[in-house]
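Peer 1: Take this structure first; my questions come after.
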Amino acid sequence: NGVIFAINVFKVRETVKFTELTELPSVDEAIEGLLILREEIIPVVDLKKWLYGSKDPIAIKDEGIEPEDSERQIIVCEFNQTIIGIKIYKAEYIIRKSWNDIMVPIAESTSGRRKINNYTKNDAGEIVHIVDVEQMLSDIFPELERKIESEAQYVQSFDIDEDKIVLIAEDSKVALKSLVNVLNKLGVKSRAFENGQLLLDYIKA
């Protein structure tokens with residue numbers, strides 16, 4: 001329906017044409033299957049299904065029809081040492097934005113799971129929704145979050161200056177939770193900000 005989405009370019013490894021995937025039984029409906037890319041096995045998530053579910057087909061902007069799979073692309077991304085593919089319609093371009101150009105969500109979702117981190121505009125003035133891919137990973141691969149939590153208990157403690165506070169800039173609630181969890185295990189005080197600009201403003205104040 002003409003909605004445009006974006007993810008952080010630093011998390012993108014490459015973009016490839018959609019190809020036939022190996023299906024997986026009894027998995028989340030958003031998991032499209034497994035991609036074999038240069039002998040690497042990568043799970044592929046359908047972005048549209050994760051955002052909207054699969055009950056009601058969402059018309060795509062071009063001519064209002066669903067494109068064939070052969071027209072689609074897969075963005076290969078890496079998060080927290082985990083590689084996944086994200087099935088999309090097409091990757092159009094890279095835009096550079098400062099934090100002054102990023103808007104925070106107007107309201108929280110009723111479920112408490114925010115799938116969109118922030119908003120911005122592209123060069124044409126259209127709204128772009130910035131996807132919280134860490135939330136996607138938490139929703140579809142909950143074992144990854146449990147793995148991070150279990151690993152936090154093995155973090156080695158060290159002498160801490162209790163007067164010091166660690167400042168964190170992170171727009172993903174899921175990623176922030178993991179960071180704070182590790183710091184709490186270490187007994188380190190922290191303060192979180194939704195983006196780097198807010199953190200810098202705090203330092204300057």
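The values are calculated or read from the model by the stated rules, or taken from the named source; none is laboratory data. Everything numeric here is computed off the predicted structure, so don't read it as measured data. Methodologically, a virtual Cβ is constructed for each residue, glycine included, from the backbone with ideal geometry; neighbour enumeration extends over all protein chains shown. These accessible areas exclude ligands, DNA and RNA; they are computed on the full protein's heavy atoms, side chains included. Shrake-Rupley method; radii C 1.70, N 1.55, O 1.52, S 1.80 Å.
Peer 1: Report yes if residue 190 is outside any loop (DSSP other than H, G, I, E, B), more than 21 Å from the chain's Cα centre (by Cα) and at pLDDT 85 or above, otherwise no.
Peer 2: yes
Peer 1: So is residue 108 in a helix (DSSP H, G or I) and at pLDDT below 90 or not?
Peer 2: On the way: in a helix (DSSP H, G or I): no; at pLDDT below 90: yes.
It is false that residue 108 is in a helix (DSSP H, G or I) and at pLDDT below 90.
Peer 1: Sticking with this one: Is it true that some residue in the stretch 78-98 is more than 18 Å from residue 194 (Cβ to Cβ), at pLDDT 85 or above, open to solvent by 90 Å² or more (accessible area, probe 1.4 Å) and among the hydrophobic types (A, V, I, L, M, F, W, C)?
Peer 2: So far as the stretch 78-98 goes, yes, one or more of its residues are more than 18 Å from residue 194 (Cβ to Cβ), at pLDDT 85 or above, open to solvent by 90 Å² or more (accessible area, probe 1.4 Å) and among the hydrophobic types (A, V, I, L, M, F, W, C).
Peer 1: Please go through the stretch 152-169 and pick out each residue that is at pLDDT 85 or above and either open to solvent by 100 Å² or more (accessible area, probe 1.4 Å) or within 25 Å of residue 98 (Cα to Cα) (or both). Steps first, please.
Peer 2: First, the residues of the stretch 152-169 that are at pLDDT 85 or above: 164-169.
Across the stretch 152-169, the qualifying residues are 164, 166, 167, 168, 169.
Peer 1: Ok, one more. Return the pairs, sorted by first residue and then second, in which the second residue is of a type in the set (Lys, Arg) and surrounded by 15 or more Cβ atoms within 10 Å (Cβ to Cβ), the first residue lies in the stretch 26-37 and is part of a strand (DSSP E or B), the beta carbons are less than 7 Å apart, and the residues are 6+ apart or on different chains.
Peer 2: Pairs found: 32/87.
Peer 1: Name the pairs: first residue in the stretch 47-59 and open to solvent by 40 Å² or more (accessible area, probe 1.4 Å), second residue at pLDDT 55 or above, Cβ to Cβ under 7 Å, at least 6 apart or on different chains?
Peer 2: Here the result reads 49/29; 49/30; 54/29; 57/66, each pair linking the stretch 47-59 to a residue that is at pLDDT 55 or above.
Peer 1: Looking for whichever is modelled with pLDDT of 90 or more and open to solvent by 80 Å² or more (accessible area, probe 1.4 Å) here; the options are 74, 36, 42. Which one fits?
Peer 2: 36
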